[in-house]
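Beneath this line is the structure, given in structure tokens, with notes to follow.
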Amino acid sequence: MASLMETLIEVLEKENLEYKNLLELSTRKTPVIVSEDLKELTKITDEEQIIVSRINHLDNQRNEAIDDIANVLNKDVAKLKIVDLIKMLEKRPEEQARLAAVFDNLRENVRAVKRINEQNKGLIESALEMVQFNMNILQSMNKAPETANYNRGACSTGDIIGMNNKAFDAKQ
């Protein structure tokens, strides 16, 4: 049982480290989204995918360790939580403190990643709304009615209301 608990603690420590890395990347991503640097955003997203893959692998290892602990304790794995394991380790205060600390750190890092990702999601949604707005303006300009402007030869000059011959400025 002691080695199973040690394995669980080690996996949680590794998982916590990966979430810290993910938090750092998510924090770096915010100004990149604001500055609309797609090249850097792609780079950060690729790095995030690598970290998420490692987290998934560690998550599987954590589930295996909890399954093994549940089997040894003859408990239902679906009902066994890490909080329960912390309570069960009262007779081993060093392991209990270590498990509790890594669990609290992991939980805090996961919450921080979630908070930053929600913020980034909002920024991306705002940017997409702006792109859609600009696309709607461009499409409506192409569908604007022609005015009845004629030149001396009684031919329409083809002016479109709201349209001019200047190029569209994407930085408006």
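The values are calculated or read from the model by the stated rules, or taken from the named source; none is laboratory data. Everything quoted here is computed from the prediction, not taken from an experiment. Ideal geometry is used to build each Cβ from the backbone, glycine not excepted, and the neighbour counts take in all protein chains shown. Areas reflect the complete protein model, heavy atoms only, side chains present, ligands, DNA and RNA absent. Shrake-Rupley method; radii C 1.70, N 1.55, O 1.52, S 1.80 Å.
Here are a few things to note about the model shown:
- When Asp84 is tested against the conditions (1) out of contact with any helix residue (DSSP H, G or I) (no Cβ under 9 Å at 6 or more places or on another chain); (2) open to solvent by less than 30 Å² (accessible area, probe 1.4 Å), the lone failure is (2).
- Exactly one residue among Val52, Val72 is farther than 17 Å from Arg115 by Cα, assigned to a helix (DSSP H, G or I) and not charged (D, E, K, R), and that residue is Val72.
- Here Lys14, Lys39, Lys20 are screened, and the one residue that is farther than 30 Å from Leu128 by Cβ and open to solvent by 70 Å² or more (accessible area, probe 1.4 Å) is Lys14.
- Conditions (1) at pLDDT 60 or above; (2) exposed (fewer than 10 other Cβ atoms within 10 Å of the Cβ); (3) of a type in the set (Asp, Glu): number failed by Asp169: (1)
- Which listed residue, of Ala70, Ala112, Ala100, is in contact with a helix residue (DSSP H, G or I) (Cβ under 8 Å, 6 or more places away or on another chain), open to solvent by less than 90 Å² (accessible area, probe 1.4 Å), modelled with pLDDT of 90 or more and more than 30 Å from Thr45 (Cα to Cα): Ala100
- Test: residue in segment 38-47 that is touching a residue at least 60 places away in the same chain (Cβ under 8 Å), in contact with a helix residue (DSSP H, G or I) (Cβ under 6 Å, 6 or more places away or on another chain), part of a helix (DSSP H, G or I) and closer than 29 Å to Leu8 by Cβ: no
- Residue selected from segment 23-36 under the condition in a helix (DSSP H, G or I) and open to solvent by 60 Å² or more (accessible area, probe 1.4 Å), by the criterion farthest from Glu125 (Cα to Cα): Glu24
- Hey, Arg62 surrounded by 13 or more Cβ atoms within 10 Å (Cβ to Cβ), at pLDDT 95 or above and in contact with an Asp or Glu (Cβ under 7 Å, 6 or more places away or on another chain) or not: yes
- Search result, residues across segment 107-119 that are touching a residue at least 60 places away in the same chain (Cβ under 8 Å) and closer than 16 Å to Asn21 by Cβ: Asn109, Val110, Ala112, Val113, Ile116, Asn117
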